[in-house]
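Engineer: There's a structure below that I have some questions on.
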Amino acid sequence: NDDDFDGRVDIRARYRDGQATDSDFDLDCDGQPEYRAEYRFGLMLREEYMGANGILLKRVEYRHGWPQSDQFDSDGDGRLDTKRRYDRHGEIVASESLPLK
């Protein structure tokens, strides 16, 4: 799709048997997507948000289409350093620092 009508594809989605399997958005058309999503049986499975040069800023894991947990870079150093868990309503119920790798 070319959602901003500038002649360049900025959103791509792939389907299998009529259901989305994955998609990515390259909104600044630099060849690196700023957003990726994976689906299973038509339900969200995982989302990833990227910054400059494709550096992963945040990953959200889903179960049955509902967010279960995420990991994100809280200080902008290019490393996922914080993990949060969600309740069945999508509210954050716990947060913890991830160990250094």
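The values are calculated or read from the model by the stated rules, or taken from the named source; none is laboratory data. As the structure is a computational prediction, the values presented were derived from the model and not from experiment. Positions of Cβ are generated from backbone atoms using ideal geometry, with glycine treated the same way; all protein chains shown enter the neighbour counts. Heads up: the accessible areas ignore ligands, DNA and RNA and are worked out on the full protein's heavy atoms, side chains in. Shrake-Rupley method; radii C 1.70, N 1.55, O 1.52, S 1.80 Å.
Engineer: If you wrap a convex hull around the alpha carbons of the chain, what volume per residue comes out, as a whole number of Å³?
Structural biologist: 124 Å³
Engineer: Using 1/(1 + (r/R0)^6) with R0 = 30 angstrom and r between the beta carbons of Q32 and T82, what's the FRET efficiency to the nearest 0.05?
Structural biologist: Taking R0 as 30 Å, the efficiency between Q32 and T82 is 0.85.
Engineer: Once you place label points 7 Å from the Cα toward the Cβ at A94 and R12, how far apart are they in nm?
Structural biologist: Those two pseudo-labels are separated by 3.7 nm.
Engineer: Could you pull out which residues in the stretch 74-101 have an amide N less than 20 Å from a spot 7 Å beyond the Cα of H64, following the Cα-Cβ vector?
Structural biologist: Label zone hits: 85-94.
Engineer: Rounded to the nearest 10 Å², what accessible area does Y62 show when all protein chains are kept and the probe is 1.4 Å?
Structural biologist: Surface accessible to solvent at Y62 totals approximately 50 Å².
Engineer: For every other residue with a beta carbon closer than 11 angstrom to the beta carbon of E48, add +1 if it is Lys or Arg and -1 if Asp or Glu, then tell me the sum.
Structural biologist: -3
Engineer: Mind listing the phi-derived Karplus ³J(HN,Hα) values for the stretch 59-73, rounded to whole Hz, using 6.51, -1.76 and 1.60 with θ = phi - 60°, and x for any glycine or proline?
Structural biologist: Values per residue, Gly and Pro as x: 10, 10, 9, 10, 9, 6, x, 10, x, 10, 7, 9, 10, 8, 8 Hz.
Engineer: What whole-number value in Å² describes the accessible area per residue of the stretch 8-101 for a 1.4 Å probe?
Structural biologist: 69 Å²
Engineer: Which order, highest average first, do 47-55, 32-40 follow once you tally other Cβ atoms within 10 Å for each residue and take the mean per peptide?
Structural biologist: 32-40, 47-55
Engineer: Also: Considering only protein heavy atoms and a probe of 1.4 Å, how much of the accessible area of the chain is carbon and sulfur, as a whole percent?
Structural biologist: 48 percent
Engineer: Under a 5 Å amide H to amide H cut-off, with H placed in plane at 1.01 Å, what residues pair with S69 once short-range neighbours are removed?
Structural biologist: E61, Y86
Engineer: For the stretch 7-101, calculate the relative contact order in percent as a whole number, restricting contacts to Cα pairs under 8 Å that are 6 or more residues apart.
Structural biologist: Over the stretch 7-101, the number comes to 14 percent.
Engineer: A follow-up question, please. Taking amide hydrogens as modeled 1.01 Å from N in the peptide plane, which residues meet the under 5 Å criterion relative to R40, leaving out close sequence neighbours?
Structural biologist: L45
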